[in-house]
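Following: one structure in structure tokens, then a few remarks.
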Amino acid sequence: RMARVEIHDTPPLDTLTAPRVALLGDAAHGMAPDLGQGGCQAMEDAWVLADAVQHALTEHADTSIALATALTHYDVARVERVGDIVSRARKRAAMIHGLGPEQTHAWYDELAREDGDAILAGLKKTVVGGPLG
């Protein structure tokens with residue numbers, strides 16, 4: 001019998017910002033480890049936020065307006081992407097960690113026959129969907 005491993009995450013959030021606050025990394029999107037994207041998404045968060053702040057400061061002399069603009073840009077750029085990755089990681093965790101034994105066994109059987117193409121396609125989808133893709 002396969003042991004069940006408890007995996008906890010944070011459900012996708014509707015927003016990652018408040019008037020003077022931006023959530024990044026696990027605070028914004030704590031996710032199951034099964035896609036290996038937690039740290040990657042934290043770095044993307046930092047890059048997108050820094051870029052948004054830099055651009056906003058060149059466009060607005062008033063730092064309050066620049067900050068509000070940057071936070072809005074960051075939120076729009078990140079909410080959907082990280083929500084999608086959290087959901088994908090959640091689905092993978094359920095498969096891998098035995099929430100549905102038949103599904104878990106089927107996934108491992110498929111993985112044993114995998115030639116790498118599906119894995120590379122998944123990696124490409126994640127990278128191309130990022131802020132530098």
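The values are calculated or read from the model by the stated rules, or taken from the named source; none is laboratory data. Source: prediction; values computed, not measured. We place every Cβ from the backbone using ideal geometry, glycine too, and count neighbours over all the protein chains shown. For the accessible areas, the whole protein counts, side chains as well, though only heavy atoms, and no ligand, DNA or RNA atoms are used. Shrake-Rupley method; radii C 1.70, N 1.55, O 1.52, S 1.80 Å.
For the chain, taking Cα atoms only, Rg and Dmax work out to 18.0, 64 Å respectively. In the chain, the calculated helix contribution to ellipticity at 222 nm averages -21500 deg cm²/dmol per residue, counting -39,500 (n - 2.57) for every DSSP H run with n ≥ 4.
Residue by residue, region 112-128 carries 3J(HN,Hα) couplings of 5, 9, 5, 9, x, 4, 5, 5, 5, 5, x, 4, 4, 4, 5, 5, 5 Hz when phi is fed to the Karplus relation 6.51 cos²θ - 1.76 cosθ + 1.60 (θ = phi - 60°); x denotes Gly or Pro.
Please give the FRET efficiency for LEU120 paired with THR58, using the beta carbon to beta carbon distance and R0 = 41 Å, rounded to the nearest 0.05. Once the sixth-power term is evaluated, E becomes 0.60. Could you list log10 I(q)/I(0) for region 12-52 at q = 0.19, 0.25, 0.29 Å⁻¹, which the Debye formula gives when each Cα is one point scatterer? Normalising to I(0) and taking log10 leaves -0.55, -0.88, -1.07.
Sorting TYR108, TYR74 by accessible area puts them as TYR108, TYR74; the probe is 1.4 Å, largest comes first, and only protein heavy atoms count. The 1.4 Å probe gives accessible areas that order THR104, THR58, largest first, as THR58, THR104.
Rounded, prolate or oblate: which fits region 71-133 when a ≥ b ≥ c are the square roots of the eigenvalues of the alpha-carbon gyration tensor, with rounded for a/c under 1.5 and prolate only if a/b beats b/c? Oblate. So what's the angle, to the nearest 10 degrees on a 0 to 90 scale, between helix 63-96 and the longest Cα principal axis of the chain? Approximately 0 degrees, to the nearest 10. Each listed q (0.15, 0.29, 0.32 Å⁻¹) maps to a log10 I(q)/I(0) for region 57-104 from the Debye sum over equal C-alpha point scatterers, namely -0.56, -0.93, -1.01.
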